[in-house]
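Report on the following structure.
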């Protein structure tokens, strides 16, 4: 067993602490024993059932919380049969438990006592939980915009949570600074053993489908390690003659941040893109280091990469919740892709539900918008764009007048008066109903407006609205 750089092809002896080649390229493990059904460990219902195909000696005790062997739920979509793989039911609520269990086991066996990771949430929560189980100290650097629920979950396991302002990549830079100071990097992106944990999903699906592969596999793709993991697993099954072909792999990204899709559509190597705002925070990755390998895996499987907007994602999340499956928006990306891929799917498609909806409750502005619309419907109020546009103009005028009176037309500091709260409430109510009647989600519109405002500030180095 050894490590090989996917960029320059350099070989290294296997070292659990080595996570990147000297050239900067990611490393993968070679020389492992391939999957063999005769070697299955029937004493456990976890990913460790497949330990003979994992990079861990048989005498090493695994760090486990019961990860893996998640349900495969039959369902129908648009009248056609399919399966949902309920990875959101793993111990910490996401598929990342597979990689975290294996990585933590390997690092503990190597004598590591302190680990660091950068994550938008799920990988950090998984590492924190398994590090706590193993008695390791963990520090997780998270983007400041990450879900507060996920941040609280990470802290609950005893890990130190360090919010980092700026884009997702800034959290990675902070983690790398800690690694340079001597910490072990328990990276869900770079650690070579992590993706080996992901391939157990392929083995499970093969068993659950009666020793057959899915016709198609749909899953969200940010860094693409889950997609690469299942590709490796099914490639092992194919090499041993247990399946005839790979399932078609469909990686789904958010339109606001889709470097894999752009490279796929342009027929070029993966390059960095702008990190736009999206409700699917788990795939908000502007420059995935495994990108070109992901493209190659998708191409070999005769699959595709596609991007969907937040509206389609949230609609799919709501639809699935009505069926009893509560998933986070990142997971819903793959569900939303069912409509886009309707004519390409075969007889046994599987959609991977990667993360629990309990990690990202619906944003408050959208709740307010629904409440305003419900109130209008209950009381028979007129509910159309023209009416509420005019009403909003009127109410904003009242707010402006109140502010002018309260400050003596700008001659003295503002001191809050009770009348202003009522005027502001009327304006907000009209605004929410206007958004509802125009089929615009208020929360999404606010995010888009803030993005434009930030861009304007960067371009002009000054605040204020544009006349353009």
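Determine whether residue 31 is under 26 Å from the mean Cα position of the chain (by Cα), exposed (fewer than 13 other Cβ atoms within 10 Å of the Cβ) and either touching a residue at least 60 places away in the same chain (Cβ under 8 Å) or on the phi > 0 side of the Ramachandran plot (or both).
Working: under 26 Å from the mean Cα position of the chain (by Cα): no; exposed (fewer than 13 other Cβ atoms within 10 Å of the Cβ): yes; either touching a residue at least 60 places away in the same chain (Cβ under 8 Å) or on the phi > 0 side of the Ramachandran plot (or both): yes.
For residue 31, the condition - under 26 Å from the mean Cα position of the chain (by Cα), exposed (fewer than 13 other Cβ atoms within 10 Å of the Cβ) and either touching a residue at least 60 places away in the same chain (Cβ under 8 Å) or on the phi > 0 side of the Ramachandran plot (or both) - is not met.
Test of understanding: among 107, 72, 89, which residue is crowded, with 20+ Cβ neighbours inside 10 Å and either in contact with a helix residue (DSSP H, G or I) (Cβ under 8 Å, 6 or more places away or on another chain) or at negative phi (or both)?
Residue meeting the stated conditions: 107.
Are any residues in region 36-74 touching a strand residue (DSSP E or B) at 6+ places or on another chain (Cβ under 6 Å) and within 25 Å of residue 218 (Cα to Cα), and if so, which ones?
At the first step, the residues of region 36-74 found to be touching a strand residue (DSSP E or B) at 6+ places or on another chain (Cβ under 6 Å) are 55, 72-74.
Result: 72, 73, 74.
In region 313-332, which residue that is farther than 19 Å from residue 440 by Cβ and assigned to a helix (DSSP H, G or I) is nearest to the chain's Cα centre (by Cα)?
330
Go through region 181-276 and tell me which helices (runs of 4 or more DSSP H), entirely inside it, have 1 or more residues that are over 19 Å from the mean Cα position of the chain (by Cα) and farther than 20 Å from residue 32 by Cβ.
Once the helices (runs of 4 or more DSSP H) in region 181-276 are filtered for at least 1 residues that are over 19 Å from the mean Cα position of the chain (by Cα) and farther than 20 Å from residue 32 by Cβ, what remains is 200-208, 259-266.
Answer yes or no as to whether residue 335 is touching a helix residue (DSSP H, G or I) at 6+ places or on another chain (Cβ under 8 Å), outside any helix (DSSP H, G or I), surrounded by 15 or more Cβ atoms within 10 Å (Cβ to Cβ) and not assigned by TED's automatic domain parsing to the domain that holds residue 144.
When the stated conditions are applied, residue 335 does not pass them.
Out of 132, 66, which single residue is closer than 24 Å to residue 229 by Cα and in contact (Cβ under 8 Å) with a residue 12 or more places away in the chain?
Values: 132 fails: closer than 24 Å to residue 229 by Cα.
Unique residue meeting the criteria: 66.
Does at least one position in region 303-312 carry a residue that is surrounded by 21 or more Cβ atoms within 10 Å (Cβ to Cβ), outside the structural domain of residue 440 (by TED's automatic domain parsing), modelled with pLDDT under 95 and part of a helix (DSSP H, G or I)?
Yes.
Working carefully through the options 52, 45, find the one that is more than 14 Å from residue 201 (Cα to Cα) and either free of Cβ contacts under 8 Å to residues at least 40 places away in the same chain or assigned by TED's automatic domain parsing to the domain that holds residue 172 (or both). Full working, then the answer.
Working: 45 fails: more than 14 Å from residue 201 (Cα to Cα).
Answer to the selection: 52.
The values are calculated or read from the model by the stated rules, or taken from the named source; none is laboratory data. Remember, it's a predicted structure, so these values are computed and weren't measured experimentally. Cβ coordinates were reconstructed from backbone atoms using ideal geometry, including for glycine residues, and neighbour counts include every protein chain displayed.
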